[in-house]
Amino acid sequence: MPKLKTHRGAAKRFKKTGTGKILRAAAFKRHILTGKTTKLKRHMRKKREVAPQDAAKLNRMLPYR
């Protein structure tokens, strides 16, 4: 059987946990940070879990992770 290829763009952006959940970085942390509060920027450092609607698609993109 042929092997599945990992989607390299997704591999750089998402990480799978040991239990199979997919984590992503927070949005809105790239630029115009002077207008955002320190508290908001601090909370955006954390990883978030991907929505279940997107998780199925990402599981196909990351078959061996």
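Readers should treat all values here as calculations from the given coordinates under stated rules, not as data from a laboratory. As the structure is a computational prediction, the values presented were derived from the model and not from experiment. In this analysis, Cβ positions are derived from the backbone assuming ideal geometry, glycine residues included, and neighbour counts consider all displayed protein chains.
Quick one: which of Lys3/Lys57; Lys12/Lys36; Lys12/Lys57; Lys21/Lys57; Lys3/Lys46; Lys5/Lys46 span more than 24 angstrom between C-alpha atoms?
Working: Lys3/Lys57 18 Å; Lys12/Lys36 26 Å; Lys12/Lys57 15 Å; Lys21/Lys57 13 Å; Lys3/Lys46 33 Å; Lys5/Lys46 29 Å.
Where the Cα-Cα span goes over 24 Å, the pairs concerned are Lys12/Lys36; Lys3/Lys46; Lys5/Lys46.
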- In nanometres, what is the gap between the two model label sites at Lys41 and Arg13, each 7 Å from Cα along Cα-to-Cβ? 2.4
- Query: If you take all C-alpha pairs in the chain, what percent of them are over 16 Å apart?
  - Reply: 54
- Item | Positive dipole terminus of the chain, leading residue within Thr37, Gln53, Ala10 (C-beta point charges) | Thr37
- Looking only at Arg24, Arg13, Arg48, which one moves most when the chain is put into a Gaussian network model with springs between Cα atoms under 10 Å? Arg13
- Query: In nm, to one decimal, how far is the Arg24 label point from the Asp54 one, both placed 7 Å along Cα→Cβ?
  - Reply: 0.0
- Query: Which value, in debye to the nearest 20, gives the size of the charge dipole of the chain about its Cα centre, when Lys and Arg are +1 and Asp and Glu are -1 at the Cβ?
  - Reply: 280
- Helical contribution to [θ] at 222 nm, DSSP H n ≥ 4, -39,500 (n - 2.57), averaged over the chain, rounded to 500: -8500 deg cm²/dmol
